[in-house]
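I'd like to ask some things about the structure below.
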Amino acid sequence: MAEKDKKVLQNANNSEEIEFEETYLTRGQLVWRAFKKHKLGMISLVVLVILYFMAIFADFLAPYDPYEQSLAHSLIAPTKLHWKYKGEVTSPYVLPTVSFIDPFRSMREFYEMLYPLKVVFEGKEYGIGNGYVINAGKKIAISPEDRLTPYFVVEDIIHVKTVDGQSFTFRRESVTDYLLFGYNDELLKKGRMKVDLNFPTAREAILNKIEFKEFGDTLKSAGIEKENQIESMWKESVLKKFAIRLQSYSKFSMDIDELVRGLPGSEGMKKLILASKGSAQANNIMRVLLLRLVTKKDKKLMEELSKGLHLEGYDLTNPQVVFKLMKRLGFRVEGNTIYIERKVLKDVVSLDLNGKGVEDFDYRRYNFKFFVKSWEGKLLWIFPLRWHLFGVDIPKGDPAAPYVKYYLMGADNFGRDQWSRIVFASRISLSIGLIGMFITFALALVFGGISGYYGGIVDEAMMRVAEIIMSIPGFYLLILLRALLPMDIPSTQIYMLLVFILSFIGWAGTSRVIRGMVLSIRQREFVEAAIVIGLPDFKVLWKHVLPNTTSFMIVAATLRIPGYILGEAGLSYLGLGIREPDASWGLMLAQAQDVYVLQHAAWLLIPGAFIFVTVLAFNFVGDALRDALDPRSLG
């Protein structure tokens, strides 16, 4: 009994609270109270706020320039974040990734790359550090301008055994900066690995592919011309060597007056060098040097160049040697001084492995971070911005930099970051609905308001025009109008045309509803009173009639915007809307039309999910607003 009395008392308190709110709250506050009761509407409103926030701050949210291409990452899957290194939990990082085609399987796959930093062999360390190189455990300092590149020498041995008992062996060595995780990283651990090649594509490759031409010719000369003549095949890979190459620069400088002194037309040569730029300037300096060395046999200059550029062993009196050498030199001019640079390559570490694995190794990792400085965008379309929400920390001059990307949602056909394209595409896909809606309702208010207010011939003429437009199927009218307009125009103009087209086909139905509402509102006493006191028709219509259609327009607008978003997406999907390299969700979805993409690159369907969520959110918000603006829900 006590519990029943408690519920009765609680219901009474709630009734008093509702009565108080209905008495003292404004209409806007009452609408918001009713709207909050619609859970799906509230969730959808939050989703739409997030989406429009994403569109406004796209430059900050996008880790890469949406136009930046990386063909090495075409159709790559979302990047994997690693949380462990050698079995220990660490901060998240990514590895360089490259597209690789196995010549035996003829299949294109993506592999993470193993760029070595250090190896341990027979208890001694070999590797690179910050400003030094490690050779057998000893640190050797290098110049900040020098560059170290570790590399491997790998020997591949292909064995072929034929059905008639013949055996063939093909050997070739390759030099590579990296190994591939999941493909040949086992070489570093074991020193050698064996791969079975007993499948049709491998046999076809050995006999016909250009990279195996020498081996294929050997087999064919022995009468092995068909795949079924091969009984078995296998490949043995052997890690022969680990080395570190030092790339340094020898530099030499001299006054430009000294370079041209004593030559015919020396002042003219000097002006020609100073007036030229880039490669033309380098070519002019090269011509003058050749003239001094080859024609004049300037021994003093030969000695200075040999000493400054470390050209010991080069015969500078031999024209052919000089010609070849000049092509490997770099030239630049600052003020009145000429600078000559020569790139020198030499191995500072050379470790013969000969099929033996290393005991331990370290490799390059690239930390995933928030608030990373990278490409330059425009915050709010005005302020230069180089900081972005997330990305990968890549040291300047890193050899693996072109392969290090963090693709949150994978990449498209051109290796462009799908997430960056989506957030920039949202600007078009989301704004086109809002702008189209405003134009549509402006036209609908003008036609419907004037038609309903004046009636008669004006009403008949305006409504017949609206009915003609309504009688044409919307999507076909959309395609017809777009086809009548120029195709080879920039995306900015296409955007404006799409807004115009979508608005043109959308106003007719709305204007008929507004006409009906105006016909009803015009009969009310407050409107007749405004007419009797002599207010102009424009003021009566603008201040007393049309404001009473506001509730309908708010609900209709939220339900109409999804149609515009779908209209733009449909046109762009068919190639009649936004064009490359710009992006809209519909245009991005058009890349997912073929079966290969559906099977191997499902992430290209993600823009479709954004369209679906946006349309659904607008519909739920529209339903919630319709319920909230219902007089019965306001009390």
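The values are calculated or read from the model by the stated rules, or taken from the named source; none is laboratory data. Remember, it's a predicted structure, so these values are computed and weren't measured experimentally. Heads up, the Cβs are rebuilt from the backbone with ideal geometry, glycines too, and the neighbour counts pull from every protein chain shown. Side chains included, ligands, DNA and RNA excluded: accessible areas come from the protein's heavy atoms. Shrake-Rupley method; radii C 1.70, N 1.55, O 1.52, S 1.80 Å.
May I ask you to derive the relative contact order of the chain, considering only C-alpha pairs under 8 Å and at least 6 residues apart, and to give it as an integer percent?
Across the chain, relative contact order equals 19 percent.
Just flag the trypsin sites (Lys or Arg not before Pro) in the stretch 88-146 sitting in loop per DSSP whose Cβ has no more than 13 other Cβ atoms within 10 Å.
R105
Rounded to the nearest whole Å², what accessible area per residue is found for the chain with the 1.4 Å probe?
With the other protein chains kept in place, the chain gives 53 Å² per residue.
Hey, another quick one. I'd like the FRET efficiency for L598 and I489, computed as 1/(1 + (r/R0)^6) with the beta carbon distance as r and R0 of 45 Å, rounded to 0.05.
FRET efficiency, L598 to I489: 0.90.
Round to a whole number: what % of the accessible area of the chain belongs to carbon and sulfur, probe 1.4 Å?
Its accessible area is 59 percent carbon and sulfur atoms.
Taking the chain on its own, what percent of its Cα-Cα pair distances exceed 30 Å?
The answer is 73 percent, as a whole percent.
When the distances between all Cα atoms of the stretch 503-585 are binned every 10 Å from zero, what whole-number percent does each bin get?
15, 33, 22, 16, 10, 4, 0
Can you run phi through the Karplus equation (6.51, -1.76, 1.60; θ = phi - 60°) for the stretch 213-221 and list ³J(HN,Hα) in whole Hz, with x for Gly and Pro?
Coupling constants for the stretch 213-221: 4, 4, 5, x, 5, 5, 5, 5, 5 Hz.
Any chance you could tell me what percent of the C-alpha pair distances in the stretch 428-481 go past 19 Å?
For the stretch 428-481, the fraction of Cα-Cα distances above 19 Å is 44 percent.
Relative to the longest principal Cα axis of the chain, at what angle does helix 491-521 sit, 0 to 90 degrees, rounded to 10?
Approximately 10 degrees, to the nearest 10.
On to the next question. Give me, ordered by chain and number, the residues 5 or more places off F390 or on other chains with an amide H under 5 Å from its own placed amide H.
When sequence neighbours closer than 5 places are left aside, the close amide H contacts are F371, V372.
Along Cα→Cβ, 7 Å out, is where each label goes; now give me the distance between the ones at L535 and L434 in nm to one decimal.
Here the answer is 3.1 nm between the modelled labels.
Moving to a separate point now. Tell me, what is a quarter of the convex hull surface for the C-alpha atoms of the stretch 188-268, in nm² with one decimal?
Orientation-averaged projected area of the Cα hull: 12.8 nm².
Now for a separate question. Leaving out ligands, DNA and RNA but keeping every protein chain, what accessible area does L40 have, in Å² rounded to the nearest 10, with a 1.4 Å probe?
90
Just need log10 I(q)/I(0) for the stretch 166-309 at q = 0.16, 0.19 Å⁻¹, Debye formula, equal scatterers on the alpha-carbon atoms, no solvent, rounded to two decimals.
So the normalised log intensities are -0.89, -1.18.
Sticking with this one: Under the 0.36 nm per residue contour assumption, what length would be gained going from the current alpha-carbon distance of V120 and A136 to full extension?
Full extension from V120 to A136 adds 4.9 nm.
What translational D, rounded to a whole number of µm²/s, comes out for the stretch 555-595 from Stokes-Einstein when the hydrodynamic radius is the Kirkwood one over Cα pairs, at 4 °C and 1.567 mPa s?
Stokes-Einstein gives a translational diffusion coefficient of 121 µm²/s.
Using protein chains only and a probe of 1.4 angstrom, how many square angstrom of V499 are accessible, to the nearest 10?
Counting only protein heavy atoms, the figure is 0 Å².
Return one number: the angle in degrees, 0 to 90 and rounded to the nearest 10, between the long axis of the Cα atoms of helix 550-573 and the longest principal axis of the Cα atoms of the chain.
Taking Cα atoms only, the helix is inclined about 30 degrees.
Rounded to the nearest 500 deg cm²/dmol, what is the calculated helix-only ellipticity per residue at 222 nm for the chain, with -39500 (n - 2.57) per DSSP H run of length n ≥ 4?
Computed ellipticity for the chain at 222 nm equals -14500 deg cm²/dmol.
Output the relative contact order of the stretch 263-349, whole-number percent, from Cα pairs under 8 angstrom with separation of 6+ residues.
22
Right, next: Calculate, for K209 and E580, the FRET efficiency according to 1/(1 + (r/R0)^6) with r their C-beta to C-beta distance and R0 25 Å; round to the nearest 0.05.
E between K209 and E580, to the nearest 0.05, is 0.15.
By accessible area of protein heavy atoms, probe 1.4 Å, what ranking do I224, I428 get, highest first?
I428, I224
What do you get when you divide the Cα radius of gyration of the stretch 153-200 by 2.2 N^0.38 Å, with N the number of residues?
1.37
Can you give me the Rg/Rh ratio for the stretch 571-635, using Cα atoms for both radii and the Kirkwood formula for Rh?
1.25
Taking the 0 to 90 degree range and rounding to the nearest ten, how far is the long axis of helix 299-308 tilted relative to the main principal axis of the chain, both from C-alpha atoms?
Between the helix axis and the principal axis of the chain, the angle is about 60 degrees.
Given a Förster radius of 51 Å and the C-beta distance between S106 and I43 as r, what FRET efficiency does 1/(1 + (r/R0)^6) yield to the nearest 0.05?
Efficiency computed from Cβ-Cβ geometry: 0.55.
Could you state, as a whole-number percent, how many of the C-alpha pairs of the stretch 480-533 are farther apart than 15 Å?
Result for the distance tail: 65 percent.
In whole Hz and in residue order, list the ³J(HN,Hα) couplings for the stretch 228-237 that follow from phi through the Karplus curve 6.51 cos²θ - 1.76 cosθ + 1.60, θ = phi - 60°; x for Gly and Pro.
For the stretch 228-237, the Karplus-derived couplings read 6, 7, 9, 7, 8, 9, 7, 10, 10, 9 Hz, x marking Gly and Pro.
Could you check the spin-label model distance between T317 and S167? Points 7 Å from the Cα along Cα→Cβ, value in nm.
With each label point 7 Å from Cα toward Cβ, the separation is 5.6 nm.
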